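Novice: First the structure, then my questions, so here it is.
The values are calculated or read from the model by the stated rules, or taken from the named source; none is laboratory data. It should be emphasised that the depicted structure is a prediction, and the values quoted were computed from it without experimental measurement. Cβ placement follows ideal geometry from the backbone for every residue including glycine, while neighbour counts extend to all protein chains displayed.
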Amino acid sequence: MGNQPIKKWRSGNVTGAIWLNERAVNGEKRGFKTATIRRSWKKEGDVWRDETINLRRQDLPKLITILNKIQEELFLTEEEDEENE
């Protein structure tokens, strides 16, 4: 197992990656995959910062559902706000 992702995607300042991890189960090494989502930004003084969320496979459908709901709410609310101005 290395410290490099097995697959990586990037869109602007957001990066997603899949990692291969190992753990011992009943004395046997077993591999399992996890995902990370990382967002980077530049703070004052040209200092780069980032935050990373580590996810298990079973977290992904929940995260996708929540992000879709948030996106829906933000875009629909924005359109309604523009119509009322």
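Novice: Checking G45 against (1) at pLDDT 95 or above; (2) among the small types (G, A, S); (3) farther than 25 Å from N3 by Cβ, only one condition comes out false. Which one?
Specialist: Every listed condition holds for G45 apart from (1).
Novice: Still on this structure: With respect to the numbered conditions (1) under 11 Å from the mean Cα position of the chain (by Cα); (2) surrounded by 10 or more Cβ atoms within 10 Å (Cβ to Cβ), which one is the sole condition not fulfilled by E51?
Specialist: Checking E51 against (1) under 11 Å from the mean Cα position of the chain (by Cα); (2) surrounded by 10 or more Cβ atoms within 10 Å (Cβ to Cβ), the one that fails is (2).
Novice: Answer yes or no: is there a residue in the range 56-69 that is assigned to a strand (DSSP E or B) and out of contact with any His (no Cβ under 8 Å at 6 or more places or on another chain).
Specialist: Initial filter on the range 56-69 (assigned to a strand (DSSP E or B)): 56.
If we keep only those that are out of contact with any His (no Cβ under 8 Å at 6 or more places or on another chain) too, we end up with 56.
Yes, there is a match, as at least one residue in the range 56-69 is assigned to a strand (DSSP E or B) and out of contact with any His (no Cβ under 8 Å at 6 or more places or on another chain).
Novice: Could you tell me whether any residue of the range 34-44 is surrounded by 11 or more Cβ atoms within 10 Å (Cβ to Cβ), over 18 Å from L67 (Cβ atoms), charged (D, E, K, R) and under 14 Å from the mean Cα position of the chain (by Cα)?
Specialist: No, there is no match, as no residue in the range 34-44 is surrounded by 11 or more Cβ atoms within 10 Å (Cβ to Cβ), over 18 Å from L67 (Cβ atoms), charged (D, E, K, R) and under 14 Å from the mean Cα position of the chain (by Cα).
Novice: Right, next: Considering the range 58-82 alone, what residues qualify as being modelled with pLDDT of 95 or more and either loosely packed, with under 10 Cβ neighbours inside 10 Å or of a type in the set (K, R) (or both)?
Specialist: Q58, P61, K62, K69 - these are the residues of the range 58-82 that are modelled with pLDDT of 95 or more and either loosely packed, with under 10 Cβ neighbours inside 10 Å or of a type in the set (K, R) (or both).
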